[in-house]
Amino acid sequence: PDTSYDYDVLFIGSGPGGYVAAIRAAQLGLKTACAESRETLGGTCLNVGCIPSKALLHGSELFEEAHGHMALWGVKTPKVELDLGVMMAEKTKAVGDLTGGIEFLFKKNKVDWKKGHATFTGPNTVEIAGETVTAKDIVIATGSSVTPLPGVEVDNEKLRIVDSTGALNLSEVPEHLVVIGGGVIGLELGSVWRRLGAKVTVVEYLDQLLPGMDADVRKEAGKIFKKQGMVLRMKTKVTGATVKGKKVTLTVEPAAGGDTETIEASHVLVAIGRRPNTAKLGLESIALETNDRGQVEVDHDFRTKVDGVWAIGDVAPGPMLAHKAEDEGIAVAENIAGQTGIVNHAIIPGVVYTMPEFAGVGLTEAEAKDAGHTIKSGKFPMMANSRAKTNRDTDGFVKVIADAETDRVLGVHIVASLAGTMIAQAAQAMEFGATSEDIAYTCHAHPTHSEALKEAAMAVQGKPIHI
Ligand code: FAD
Ligand code: NAI
């Protein structure tokens, strides 16, 4: 070790990028510290993202099931009541257990938590809560925060116009929640409050929900959320909001321009995307510039242009997902330790945890064609899957896209109650360079939802059994 520095490596930010990287760096024998300005470790994901949202998705799903679906099976729940306080307490407990778990892992692995906001003051040097800390390598893992919408000011204290953090914390079920942005956060948190009894309207700028996903999946999402009772206002933009007591009045107009109208809401969720956290990081003192999307650019090894400074997770280019940040964290730690850490950015699954779930990995059909592939694809409806049929959760399909010449799988897109679990198999098959025939001839347990993936792969070959 180079003793002219306090640490071999310092991570700025303890989200899934920073905390995973810090643990791996310590495991590899590096003297490691991690700066975190929040009260608890775990970043956006554990504190105000993945974990609390999934807790409320689970709780609200139980509530909705008890309201009707369970009766299909003769499970009678004549009086279903919601105790929102208890549901919120369960969410808080899940967050506390997991963030506390990271603190335990830091101690176990001898990672020093430097509490406070870190700012670069020079190469290899940051200031944290008045203390100067030096490290041979410094990794920026500062994550992202909500993109503001001009004219619609978020106030997570008053809880009328909120971002995702406020929407995870409402003290009452909204009468009418208007969600601005039909992306991942809008649909997940919109689903939570719809299930708990709110009227939910989604205002989306584009003509389909879930940008970035396969066109068939996006079309299906529109149908499914509408069927579930969400009001979808597509090709519409919000131009302003005024709050009066418990009412919010939104002004909206067609995305292409036209007549303005108003929508009255009790609550508004702003979910139009997230942007990298680089403010007050002192990047100017190390002459590190961000790109036009505010991201810190990195090479294949996660090095920035500045020697000894690296970047991973939401602050670096690529999908803003926890597992992408985690994998980059492991890779960057290995690279700093002199090993070879690699992330295959072509195969990062994305999942929307609604009911059904929406998941994809690899190329969409449009991307595959744009990349010059001649493709063949196979689709299998969950309606024809015996387990989904038995469970009465038949919404959705599996779509497998393969190269017409080589049969290599280029992308898999799934809408199904268990899509988030099923997509892991597709990701692994693709990592191993699988053809659709490989998947079609792999024995899948019966009766499982996963058989739909096998049948979609068989459909690529033109010969599924059950349709
Ligand atoms: P973050 O998790 O954002 O962590 C960065 C940390 O750095 C923060 O704690 C911040 O306080 C700290 N920090 C920033 N600057 C400084 C500084 N200068 N000094 C000290 N500390 C600093 N992704 C999924 O894959 N699955 C999901 O289900 C999912 N659900 C989500 C739900 C919601 C509501 C939201 C908002 C996000 C969700 N995400 C999900 C996205 C996921 O949370 C992020 O992709 C992930 O947290 C990024 O990890 P990160 O380590 O890059 O940054
Ligand atoms: P998003 O990018 O998923 O969706 C934003 C939506 O808002 C898009 O559909 C966009 O067209 C629309 N939009 C943009 N400006 C608009 C405007 N002015 N008016 C109306 N609509 C507008 O972003 P979101 O939902 O805020 O989530 C941020 C990030 O958090 C995502 O990129 C995702 O990576 C991550 N996340 C991941 C989750 C998961 O993996 N399950 C869950 C929640 C968040």
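The residues in the stretch 210-237 that are part of a loop (DSSP other than H, G, I, E, B) and within 24 Å of residue 346 (Cβ to Cβ) can be counted, and the count is 5.
Examine the stretch 392-403 for a residue that is in a helix (DSSP H, G or I) and either out of contact with any helix residue (DSSP H, G or I) (no Cβ under 6 Å at 6 or more places or on another chain) or more than 30 Å from residue 192 (Cα to Cα) (or both), and state whether such a residue exists. Scanning the stretch 392-403 turns up no residue that is in a helix (DSSP H, G or I) and either out of contact with any helix residue (DSSP H, G or I) (no Cβ under 6 Å at 6 or more places or on another chain) or more than 30 Å from residue 192 (Cα to Cα) (or both). Would you check if residue 308 is touching a Pro at 6+ places or on another chain (Cβ under 9 Å) and buried (at least 23 other Cβ atoms within 10 Å of the Cβ)? No: the conditions fail for residue 308. The residue list 86, 80 contains one member that is within 22 Å of residue 164 (Cβ to Cβ), exposed (fewer than 15 other Cβ atoms within 10 Å of the Cβ) and more than 16 Å from ligand 1 (Cβ to nearest atom), which is 86.
Is it fair to say residue 361 is without any contact (Cβ under 8 Å) to a residue 40 or more places away in the chain and crowded, with 18+ Cβ neighbours inside 10 Å? Answer is no for this residue. Take residue 402 and decide whether it is touching a residue at least 12 places away in the same chain (Cβ under 8 Å), farther than 21 Å from residue 384 by Cα and crowded, with 17+ Cβ neighbours inside 10 Å. Considered against the rule, which asks whether it is touching a residue at least 12 places away in the same chain (Cβ under 8 Å), farther than 21 Å from residue 384 by Cα and crowded, with 17+ Cβ neighbours inside 10 Å, residue 402 comes out as yes.
Kindly provide the set of residues from the stretch 173-193 that are under 20 Å from residue 415 (Cα atoms), of a type outside the set (Gly, Ala, Ser) and either assigned to a strand (DSSP E or B) or more than 6 Å from ligand 2 (Cβ to nearest atom) (or both), ordered by number. The answer is 187, 189, 192. Of all residues in the stretch 211-225, those satisfying the criterion of being over 19 Å from residue 383 (Cα atoms) and exposed (fewer than 14 other Cβ atoms within 10 Å of the Cβ) are 212, 215.
Filtered by the rule that a residue be surrounded by fewer than 16 Cβ atoms within 10 Å (Cβ to Cβ) and either among the polar types (S, T, N, Q) or more than 29 Å from the chain's Cα centre (by Cα) (or both), the stretch 226-242 gives 239, 242. Taking the conditions exactly as written (over 23 Å from the mean Cα position of the chain (by Cα), more than 14 Å from ligand 2 (Cβ to nearest atom) and part of a loop (DSSP other than H, G, I, E, B)), does residue 292 satisfy them or not? Taking the combined requirement at face value, the residue does not satisfy it. Across the stretch 8-63, the number of residues qualifying as within 6 Å of ligand 1 (Cβ to nearest atom), outside any loop (DSSP other than H, G, I, E, B) and either free of Cβ contacts under 8 Å to residues at least 24 places away in the same chain or of a type in the set (Gly, Ala, Ser) (or both) comes to 5. Looking only at residues that are touching a strand residue (DSSP E or B) at 6+ places or on another chain (Cβ under 6 Å) and part of a helix (DSSP H, G or I) in the stretch 306-325, which one is farthest from ligand 1 (Cβ to nearest atom)? Here the residue is 315. When you scan the stretch 82-104, do you find a residue that is in contact with a Cys (Cβ under 9 Å, 6 or more places away or on another chain), within 29 Å of residue 26 (Cα to Cα) and either part of a loop (DSSP other than H, G, I, E, B) or not aliphatic (A, V, I, L, M) (or both), even just one? No, every residue in the stretch 82-104 fails to be in contact with a Cys (Cβ under 9 Å, 6 or more places away or on another chain), within 29 Å of residue 26 (Cα to Cα) and either part of a loop (DSSP other than H, G, I, E, B) or not aliphatic (A, V, I, L, M) (or both).
All of the numbers you see were taken from the coordinates with simple rules; none came from a lab. Here the structure is a predicted model, which means the values were calculated and not measured. Backbone-built Cβ (ideal geometry, glycine too); neighbour counts: all protein chains shown.
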